[in-house]
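Colleague: Dropping the structure in here first, questions after.
The values are calculated or read from the model by the stated rules, or taken from the named source; none is laboratory data. This is a predicted model, so every value here is computed, not measured. Positions of Cβ are backbone-derived with ideal geometry, glycine not excepted, and every protein chain shown enters the neighbour counts. Ligands, DNA and RNA are excluded from the accessible area calculation, which covers all protein heavy atoms including side chains. Shrake-Rupley method; radii C 1.70, N 1.55, O 1.52, S 1.80 Å.
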Amino acid sequence: MSRDYDYTIEAPIIEQNPSHSHINDAIARPLETKPTWKYYLALGISTSMLLFGVVCWGYTFYYGIGMWGNNQPIGWAFDIVNFVFWIGIGHAGTLISAILFLLRQRWRTGIARFAEAMTIFAVITAGLFPLFHVGRPWLAGYLFPLPNQHHLWINFTSPLIWDVFAVSTYLTVSFVFWYIGLIPDFAMLRDRTTNKFKKTIYSILSFGWRHSNRHWHHYEMLYLVLAGFATPLVLSVHTIVSFDFAVSILPGWHTTIFPPYFVAGAVFSGFGMVQNVLIIIRKVFDLEHIITIDTLEKMNKVILATGMMVGYAYAIEFFIAWYSGNQFESFVFINRALGNYAWAYWVMVSCNVVFTQLFWFKKIRRSIIPMFIIGVLVNVGMWFERFVIVVTTLSKDFLPTNWASYIPTLYDTGILIGSFGLFFTLVILFIRTMPVVSISEVKGVVEIFKKQH
Amino acid sequence: MEANSLKSNLYGVSAIFSDTKKIAEITHKVAELGYKNYDVHSSFPIHNLPKKMKLKWSPLGYIAFVLGISGAAFGLFLTWWTMSVDYPLIIGGKPWFSFPAFVPVLFELTVLLASVGTAIVMLFIIFKFPNPKHPLHDTEYMKRVSVDGFGIVIEAKDEKFDYEKIRSLFSEFGAEKIFDIYYSPEELNYKPKVFEPKFIVFLIFLVVLTAFIGYFVNNKLFYMPPFDFMLYQFRVNPQEESTLFADGFAMRPPVKGTVARGQSFYQFKGQPEEAAANLINPLLPTEQTLALGQKKFNTFCSPCHGWRGEGDSRLNQQFPNPPSLHTDKVRNWTDGRIYHIITEGQNIMPSYASQLSEEERWAIILYIRALQRSLNAKLEDVQ
């Protein structure tokens, strides 16, 4: 939002100083032109993935979660791994839209809308996994404190219930935050379109917003309030997700470093995902001057920083395992690095800690292809991090007679692929139906820089 | 123009300015001149304008605070009442009211109520949205504003409204374009159409649909796989067949020559007279044993024998009425004789040995004795 700050001159966030009408045109173009074959190809691929996932999940729905590879002692596997992974992806969006807003980082304007949308889609995807995991999704209403004929209440002291509250609050608040940002843009589209059908839809969506400064006055306050609440919220969500593990008494899970470690990891993977998708969007829709290379470079710096936080957490876990002198704790960590799932551990370490070090070089930070590849690797690494935490820990617990290995079935893998399909389908539909960049914010920022020059 | 301006449906006069500086100047002037019902429009918020328009500090911050506190209070009440009052359970050795474990829920509810509530207050209470019928909508003016224009409107209802003066004021400050804005006649004559046939048909459709879905889900869907998983389980029910045993019965009789735990061996099988002579009621007629006897009698015996044992069955002739328990015969029987009938049955009366424990059988007999005495009460009983 444009506010008058005492700023030192910085590079323009939006290149070429576009006129206001140009901004409107550039951002509304994807909504007004017919999509190319490339768009349909992308949509086709992602919906096929989604369909595959739906079929695999259909089997699970009908026959139960016995279709999966989960078994004693590995009761949590892909379902929980994917849940944590997708929740983590969502965190970048809120970080960009709320925390960077409070920190007055104006470079966020070009990417905030998109990142917020990705938050919502990622949380929707994530939220499905607990439903799959309970096996009888139509009974999931019992996760909420609804009065029922059994006179029973949910257990408010359980981290799993905290999770229900955290994730549903996160989804709702992110949605409200995102939608409030969209209202002025919908109004702009409403005033712009000549198509009667579209006009009706945009009129409904914009609630009759009329760009009034009496409204902007409250609107900016609301935005500040929402950012203020979203910031602790986003920190709380992955903290609570980490409690699912940390509050248990399993060595490898029961550690106090989990909350900050999970939050850093979430931001890390989220930025990897946002960076990846933005690179594609700006190319396909000619938004290179609005989502600039400077913005991407800044994101890469965040990836580098959070990657090192994650690396620090890996190191500290090992240190504590040794320093605590607890033989179960030491065993778990030695087993992680050298045991039956050592390959997963080393995929995680190399992707998250080693490859991201390349971002120390300015050249790599600013060139598209290398950063794209590193972004992909970050997400591979972060997915394996959750796999290592959940599966390796469970596979060898206190009783050696209990030990077992986990082998995912077709249905496990299918649901994982389907979750990517769902996420990308939502993203692809979003780019064609809503403004991917916040028009009012970009205009505000352009106006500020006009005055500086 | 002149003629139009006098029309009653004039909403206001508006002007478009080309940059933020000009709009700031004219806003300053308009506020200075003391207009009240005016508004400035732009496609992004312009800093300093609220100050120029002399707008009050937005109350949304306080609203968020109050809502947040309410969210926390609600969360505290919910967790405390459910976990410590309504259905207290000890979980993980924590006290019933384990505040630290409730904090995450309190926090989430605080954030939820504060952020969603504040947004709702702003949109629907302060802005009175949705409002797609405002006269400014669909005007040339609005279209310019939403692209790159900065607009100001002074409404006709303002006390100081003077058509000519305002127009000249706007052009003096370098307005790019000046528009008159009217209420459309439809809008002025707009009436809500709740009783339109179309709407009523729609409502009826909704009712039928909801009823159908409700019926389908409760009576059909939940009896289809996989929703019926509770109805059909991998186990045998009473009276069912089972291939596990040679005789094909799922229910098994007790193994020969054994007595189940908690039961004792009845030694007077088929020997009522022996039972009458040898069995003695071990219970004394206390308030407790009589209450137990009454309860069990009413449950197990009264359907056939009637509430007072007079043989007035409630079974509507679906089963032959038993004789009264107040005959001389029964009154002169020993307790052991009646005990024998309860345990073994008599002719068409079945045995109650599997439903009633030994103590309960003796308690029933005490109650029958009490009934017999009360229905044949003598004068000295009252004295």
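Colleague: I'd like to verify a number: residues in the range B:69-92 that are more than 21 Å from the chain's Cα centre (by Cα), within 11 Å of another protein chain (Cβ to nearest Cβ) and open to solvent by 70 Å² or more (accessible area, probe 1.4 Å), how many?
Modeller: Summing the residues that are more than 21 Å from the chain's Cα centre (by Cα), within 11 Å of another protein chain (Cβ to nearest Cβ) and open to solvent by 70 Å² or more (accessible area, probe 1.4 Å) in the range B:69-92 gives 3.
Colleague: Looking at B:Phe268, B:Phe234, B:Phe245, can you tell me which residue is part of a loop (DSSP other than H, G, I, E, B) and either of a type in the set (Gly, Ala, Ser) or touching a residue at least 24 places away in the same chain (Cβ under 8 Å) (or both)? So that I can check it myself, show each step before the final result.
Modeller: Working: B:Phe234 fails: either of a type in the set (Gly, Ala, Ser) or touching a residue at least 24 places away in the same chain (Cβ under 8 Å) (or both); B:Phe245 fails: either of a type in the set (Gly, Ala, Ser) or touching a residue at least 24 places away in the same chain (Cβ under 8 Å) (or both).
Within the list B:Phe268, B:Phe234, B:Phe245, the selection yields B:Phe268.
Colleague: Something else now. Consider B:Ser171 against the criteria (1) in contact with a Phe, Trp or Tyr (Cβ under 8 Å, 6 or more places away or on another chain); (2) assigned by TED's automatic domain parsing to the domain that holds B:Lys143: it satisfies all of them except one. Which criterion is unmet?
Modeller: (1)
Colleague: I need the full set of residues from the range B:305-329 which are under 19 Å from B:Glu360 (Cβ atoms), without any contact (Cβ under 8 Å) to a residue 60 or more places away in the chain and surrounded by 17 or more Cβ atoms within 10 Å (Cβ to Cβ), in order please.
Modeller: Correct list: B:His305, B:Leu325.
Colleague: Let me ask another. Kindly evaluate A:Ile369 against the criterion of being in contact (Cβ under 8 Å) with a residue 40 or more places away in the chain and hydrophobic (A, V, I, L, M, F, W, C).
Modeller: Working: in contact (Cβ under 8 Å) with a residue 40 or more places away in the chain: no; hydrophobic (A, V, I, L, M, F, W, C): yes.
Taking the combined requirement at face value, the residue does not satisfy it.
Colleague: Next question, about the same structure. Test A:Trp178 against the criterion of being open to solvent by less than 40 Å² (accessible area, probe 1.4 Å), in contact (Cβ under 8 Å) with a residue 24 or more places away in the chain and part of a loop (DSSP other than H, G, I, E, B), and give yes or no.
Modeller: Numbers: open to solvent by less than 40 Å² (accessible area, probe 1.4 Å): yes; in contact (Cβ under 8 Å) with a residue 24 or more places away in the chain: yes; part of a loop (DSSP other than H, G, I, E, B): no.
No: the conditions fail for A:Trp178.
Colleague: Quick one: is A:Val380 out of contact with any Phe, Trp or Tyr (no Cβ under 9 Å at 6 or more places or on another chain), part of a helix (DSSP H, G or I) and open to solvent by 30 Å² or more (accessible area, probe 1.4 Å)? Outline the logic, then answer.
Modeller: On the way: out of contact with any Phe, Trp or Tyr (no Cβ under 9 Å at 6 or more places or on another chain): yes; part of a helix (DSSP H, G or I): yes; open to solvent by 30 Å² or more (accessible area, probe 1.4 Å): yes.
For A:Val380, the condition - out of contact with any Phe, Trp or Tyr (no Cβ under 9 Å at 6 or more places or on another chain), part of a helix (DSSP H, G or I) and open to solvent by 30 Å² or more (accessible area, probe 1.4 Å) - is met.
Colleague: If you go through the range B:247-259 one residue at a time, do you hit one that is away from every other protein chain (no Cβ under 14 Å) and among the aromatic types (Phe, Trp, Tyr)? Break it down into steps so the answer makes sense when it comes.
Modeller: Initial filter on the range B:247-259 (away from every other protein chain (no Cβ under 14 Å)): B:247-259.
Now narrow it down to the ones that are among the aromatic types (Phe, Trp, Tyr): B:249.
Yes, the range B:247-259 contains a residue that is away from every other protein chain (no Cβ under 14 Å) and among the aromatic types (Phe, Trp, Tyr).
Colleague: Exactly one condition in (1) within 7 Å of chain A (Cβ to nearest Cβ); (2) within 24 Å of B:Val30 (Cβ to Cβ); (3) buried (at least 16 other Cβ atoms within 10 Å of the Cβ) is not met by B:Asn131; state its number.
Modeller: Of (1) within 7 Å of chain A (Cβ to nearest Cβ); (2) within 24 Å of B:Val30 (Cβ to Cβ); (3) buried (at least 16 other Cβ atoms within 10 Å of the Cβ), only one is false for B:Asn131: (3).
Colleague: In the range A:260-289, what residues are touching a Phe, Trp or Tyr at 6+ places or on another chain (Cβ under 9 Å) and open to solvent by 20 Å² or more (accessible area, probe 1.4 Å)?
Modeller: The answer is A:Ile280, A:Val284.
Colleague: In the list A:Leu160, A:Leu139, A:Leu100, A:Leu128, which residue meets the criterion of being open to solvent by 30 Å² or more (accessible area, probe 1.4 Å) and over 26 Å from A:Leu50 (Cα atoms)?
Modeller: Numbers: A:Leu139 fails: over 26 Å from A:Leu50 (Cα atoms); A:Leu100 fails: open to solvent by 30 Å² or more (accessible area, probe 1.4 Å); A:Leu128 fails: over 26 Å from A:Leu50 (Cα atoms).
Selected residue: A:Leu160, the only one of A:Leu160, A:Leu139, A:Leu100, A:Leu128 that is open to solvent by 30 Å² or more (accessible area, probe 1.4 Å) and over 26 Å from A:Leu50 (Cα atoms).
Colleague: Scan the range A:179-229 for residues that are under 21 Å from B:Pro59 (Cα atoms), at the interface with chain B (Cβ under 7 Å from one of its Cβ atoms) and among the aliphatic types (A, V, I, L, M) and jot them down.
Modeller: If the condition is that a residue be under 21 Å from B:Pro59 (Cα atoms), at the interface with chain B (Cβ under 7 Å from one of its Cβ atoms) and among the aliphatic types (A, V, I, L, M), then A:Ile180, A:Met221, A:Leu222, A:Val225, A:Leu226 are the ones that fit.
Colleague: Within the bounds of the range B:27-38, is there any residue that is facing another protein chain (nearest Cβ under 9 Å) and closer than 29 Å to A:Val442 by Cβ? So that I can check it myself, show each step before the final result.
Modeller: Our first condition is that a residue be facing another protein chain (nearest Cβ under 9 Å); within the range B:27-38, this holds for B:27.
After this cut, where a residue has to be closer than 29 Å to A:Val442 by Cβ as well, the list is B:27.
There is at least one residue in the range B:27-38 that is facing another protein chain (nearest Cβ under 9 Å) and closer than 29 Å to A:Val442 by Cβ.
Colleague: Follow-up question, since we're still on this one. Any residue in the range A:233-247 that is facing chain B (nearest Cβ under 10 Å) and not in a helix (DSSP H, G or I)?
Modeller: Among the residues of the range A:233-247, at least one is facing chain B (nearest Cβ under 10 Å) and not in a helix (DSSP H, G or I), which makes the answer yes.
Colleague: Filter the range B:13-49 for residues that are in a loop (DSSP other than H, G, I, E, B) and of a type in the set (A, V, I, L, M, F, W, C); which is most open to solvent (accessible area, probe 1.4 Å)?
Modeller: B:Leu33
Colleague: Please find, among B:Gly12, B:Gly75, the residue that is of a type in the set (Gly, Ala, Ser), touching a Leu at 6+ places or on another chain (Cβ under 8 Å) and in the same structural domain as B:Phe170 (by TED's automatic domain parsing).
Modeller: Just a single option satisfies the conditions, and that option is B:Gly75.
Colleague: I've got another one for you. With the requirement that a residue be open to solvent by 40 Å² or more (accessible area, probe 1.4 Å) and free of Cβ contacts under 8 Å to residues at least 60 places away in the same chain, what does the range A:46-90 give you?
Modeller: The answer is A:Tyr62, A:Tyr63, A:Gly66.
Colleague: For the range B:190-204, check the following and say yes or no: at least one residue is of a type in the set (Val, Ile, Thr), closer than 30 Å to A:Ala140 by Cβ and modelled with pLDDT of 90 or more.
Modeller: no
Colleague: Here's another thing I want to ask about it. Identify all residues within the range B:50-59 that are more than 8 Å from every other protein chain (Cβ to nearest Cβ) and in a loop (DSSP other than H, G, I, E, B); write none if there are none.
Modeller: Scanning the range B:50-59 gives B:Lys54, B:Lys56, B:Trp57, B:Pro59.
Colleague: Filter the range A:117-159 for residues that are in a helix (DSSP H, G or I) and within 11 Å of chain B (Cβ to nearest Cβ); which is nearest to A:Asp79 (Cα to Cα)?
Modeller: Let us first name the residues in the range A:117-159 that are in a helix (DSSP H, G or I), namely A:117-134, A:137-143, A:159.
Of the ones still in play, those that are also within 11 Å of chain B (Cβ to nearest Cβ) are A:137-139, A:159.
Values: A:Pro137: 13, A:Trp138: 17, A:Leu139: 17, A:Pro159: 17 Å.
Filtering the range A:117-159 for residues that are in a helix (DSSP H, G or I) and within 11 Å of chain B (Cβ to nearest Cβ), the one nearest to A:Asp79 (Cα to Cα) comes out as A:Pro137.
The rows are residues; the columns are (1) surrounded by 13 or more Cβ atoms within 10 Å (Cβ to Cβ); (2) within 9 Å of another protein chain (Cβ to nearest Cβ); (3) of a type outside the set (Phe, Trp, Tyr).
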site: B:Phe127; (1), (2), (3): yes, yes, no
site: B:Asp148; (1), (2), (3): yes, yes, yes
site: B:Lys157; (1), (2), (3): no, no, yes
site: B:Tyr163; (1), (2), (3): yes, no, no
site: B:Ile178; (1), (2), (3): yes, no, yes
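Colleague: Hey, any hits in the range A:302-319 for a residue that's within 30 Å of A:Pro18 (Cβ to Cβ), open to solvent by 10 Å² or more (accessible area, probe 1.4 Å) and modelled with pLDDT of 90 or more? Break it down stepwise before answering.
Modeller: At the first step, the residues of the range A:302-319 found to be within 30 Å of A:Pro18 (Cβ to Cβ) are A:302-303.
Cutting the leftovers down to open to solvent by 10 Å² or more (accessible area, probe 1.4 Å) gives us A:302.
In the following step, the residues that additionally are modelled with pLDDT of 90 or more were identified as A:302.
Yes - at least one qualifying residue is present in the range A:302-319.
Colleague: Looking at the range A:196-212, can you tell me whether even one residue there is modelled with pLDDT of 90 or more and over 30 Å from B:Asp148 (Cβ atoms)?
Modeller: no
Colleague: Condition check: open to solvent by 70 Å² or more (accessible area, probe 1.4 Å), more than 9 Å from chain A (Cβ to nearest Cβ) and among the hydroxyl-bearing types (Ser, Thr, Tyr). Does B:Tyr62 satisfy that? So that I can check it myself, show each step before the final result.
Modeller: On the way: open to solvent by 70 Å² or more (accessible area, probe 1.4 Å): yes; more than 9 Å from chain A (Cβ to nearest Cβ): yes; among the hydroxyl-bearing types (Ser, Thr, Tyr): yes.
Yes: the conditions hold for B:Tyr62.
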